[in-house]
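The values are calculated or read from the model by the stated rules, or taken from the named source; none is laboratory data. Quantities reported herein were computed from a predicted structural model and do not represent experimental measurements. Note that each Cβ is placed from the backbone with ideal geometry, even for glycine, and that neighbours are counted across all protein chains shown. Heavy atoms of the whole protein, side chains included, go into the accessibility calculation; ligands, DNA and RNA do not. Shrake-Rupley method; radii C 1.70, N 1.55, O 1.52, S 1.80 Å.
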Amino acid sequence: GFRVAAVRSSLGLLHTLYFLVCHVAQVHAASHHDSQYNRPFLESFEETPMLVAVLTYMGYGILTIFGYLRDFLRHWKIERCHIAREKEEQRDFVPLYQDFENFYTRNLYMRIRDNWNRPICSVPGAKVDLMERTSRDYNWTFEYTGRVVLDVINLGSYNYLGFAENTGPCADSAAEITMKYGVGVASTRQEIGNLDRHEELEKLVAKFLGVESAMVFGMGFATNSMNIPALTGKGCLILSDELNHASLVLGARLSGSTIRVFKHNNMQSLEKLLRDAIVHGQPRTHRPWKKILIVVEGIYSMEGSIVRLPEVIDLKKRYRAYLYLDEAHSIGALGSRGRGVVDYFGLDPCDVDVLMGTFTKSFGAAGGYIAGKWLIEYLRSHSHSAVYATSMSPPVVEQIITSMKCIMGEDGTTIGCDRVRKLAENTVYFRRRLREMGFIIYGNEDSPVVPMMLYMPAKIGAFGREMLKRNIGVVVVGFPATPIIESRARFCISAAHTKEMLDRALSVISEVGDLLQLKYSRRRIQPSLSLPCDDIVFEDIDD
């Protein structure tokens, strides 16, 4: 009996020691994460309710069945066929595309096509004017009625700081430069299209970002797709976030590098790929990789999430990889000074090897940039976008210079700082109100990109139409741009939105949400302040 008691006592002691060790490990992990973040990192991705997921799959199944039925009727000319087809005399040729590739477009997209490509006839500011159109053949073609829908509250444009405007210092400066330089340059930078304004813009971008040098390009998409191939090639490894933009994916493919994808914002997945790359090297030869490039975005435009940049930088330093950061949506829209996600986390921009961003959103212009401390001179002679593309238009350059100086306060006013602060306030307010109403909202608390989940295919078109009936313009997104059961409406908040506009929009969203039964959320957020990098904890609540 004494021996049994002693054994039990020893087991109990070991059990206690085990939990003490685990607790110490958890505290150590929490303190490690706390040291990397200067604020709680709050993101939420509420799980799709099971019933909603089942009904969504059933909806797509019914649409598929009826799609095949309608294709059968079209084949036998019982139903009129509007689709583009190969010519009859070419029927024995190898087809340019497989017919099934257009199945989704024919039978689902066309039914709700009126929600996209809506022509506006005003500045894309806080409010827009839309040209009214109708269709007599179920959205295959459209006719314009001649009527204009005025003062539609704009929740779709990437006009984060409100610089997409036709009055004010930016518009005046662009008009003045147009009179001096004209609209087009008609040459590349390397030939006779390098203006003094281009040089000034690049110096200003480098100063704005806090790096040594920068280079600008005429198209944001091409900034990624044409420059990644100049940085990596055969024998290099690209580690790409699974939700990276199409321009990043295209650039990685064009480079000829080996591409491996890690789970979205998942540092464990990224570190595993880095370890495997170091240990195993290249396939077959097992030689070390020439370069390892980690490619991430600042704000992910479909999820509204923010990259966990402190942890990414920690991993890239530990494994001696390079980091490519796409700040298309975050530059100007994040950080106390509007310097993007690097400013948001209070990090040193020199820790990011390649800083990329666009001028198409927060600056209300066009084009993109790449900045860093070692690669700009190399890109001037090796980037296809720099060597072969026409230079950026002078009025566009002037729009960027004026808006950037405004954000930096170099115009002698606080307008830029006020807009950055206003955007942050609008974002937090809009997200909080939507959650209180019971909608499922994705992403980070500070992200001005606000995805609201719709799920079911029939509700994609219904939500867009019902909102427009109430003079609210929104963007709705479905498969293949999102996973098949995660259709959503994506709101983009702007500093130009007043509180009255947001309250009006929120009231309409709530009304349409009740009409279409979109308030799916059954949970409330319980943020863990001590573990800012852990997943958000949710607690179920009763109706």
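Brief remarks on what is shown
- Residue match in the stretch 435-443 (condition: open to solvent by 50 Å² or more (accessible area, probe 1.4 Å), among the acidic types (Asp, Glu) and within 30 Å of Glu176 (Cβ to Cβ)): no
- In the stretch 403-429, the residues that are closer than 14 Å to Gly364 by Cβ reach residues that are open to solvent by 60 Å² or more (accessible area, probe 1.4 Å) and of a type in the set (D, E, K, R) with C-beta atoms within less than 6 angstrom, at least six apart or across chains, in these pairs: Lys405/Asp411.
- Looking only at the stretch 262-293, residues that are closer than 28 Å to Phe45 by Cα and among the small types (Gly, Ala, Ser) come to 1 in all.
- Any chance Asp314 is among the charged types (D, E, K, R) and either free of Cβ contacts under 8 Å to residues at least 12 places away in the same chain or part of a strand (DSSP E or B) (or both): no
- Residue in the stretch 356-376 that is assigned by the TED database to the domain that holds His264, open to solvent by less than 10 Å² (accessible area, probe 1.4 Å), at negative phi and in a helix (DSSP H, G or I) present: yes
- Applying the set (1) modelled with pLDDT of 95 or more; (2) buried (at least 18 other Cβ atoms within 10 Å of the Cβ) to Arg253 leaves exactly one unmet item: (2).
- Some residue of the stretch 189-198 being in a helix (DSSP H, G or I) and either polar (S, T, N, Q) or open to solvent by less than 50 Å² (accessible area, probe 1.4 Å) (or both): yes
- Residues in the stretch 362-409 that are among the charged types (D, E, K, R) and at pLDDT below 95: Lys373, Glu377, Arg380.
Residue by residue, here is whether (1) more than 30 Å from Ser330 (Cα to Cα); (2) at pLDDT 95 or above; (3) assigned to a loop (DSSP other than H, G, I, E, B) holds:
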site: Glu101; (1), (2), (3): yes, no, no
site: Thr105; (1), (2), (3): yes, no, no
site: Arg111; (1), (2), (3): yes, no, no
site: Leu130; (1), (2), (3): no, yes, no
site: Asp137; (1), (2), (3): yes, no, yes
site: Ile153; (1), (2), (3): no, yes, no
site: Asn166; (1), (2), (3): no, no, yes
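- Only one of the listed residues (Arg490, Arg435) is basic (Lys, Arg), touching a residue at least 40 places away in the same chain (Cβ under 8 Å) and within 26 Å of Val149 (Cβ to Cβ). That residue is Arg490.
- Those residues of the stretch 71-87 which are in a helix (DSSP H, G or I) and open to solvent by less than 70 Å² (accessible area, probe 1.4 Å), in sequence order: Asp71, Leu73, Arg74
- Qualifying positions in the stretch 214-250 - of a type in the set (Gly, Ala, Ser) and in contact with a Leu (Cβ under 9 Å, 6 or more places away or on another chain): Ala214, Ser225, Ala230, Ser240
- Residues being within 20 Å of Pro451 (Cα to Cα) and either open to solvent by 70 Å² or more (accessible area, probe 1.4 Å) or not acidic (Asp, Glu) (or both) - total across the stretch 44-60: 9
- Residues of the stretch 368-395 satisfying the condition of being among the β-branched types (Val, Ile, Thr) and over 27 Å from the mean Cα position of the chain (by Cα): Val387
- Total residues in the stretch 153-176, condition touching a helix residue (DSSP H, G or I) at 6+ places or on another chain (Cβ under 7 Å), open to solvent by 20 Å² or more (accessible area, probe 1.4 Å) and farther than 25 Å from Val449 by Cβ: 2
- Taking the criterion of being surrounded by 24 or more Cβ atoms within 10 Å (Cβ to Cβ) and among the charged types (D, E, K, R), the only residue of the stretch 284-307 that qualifies is Glu297.
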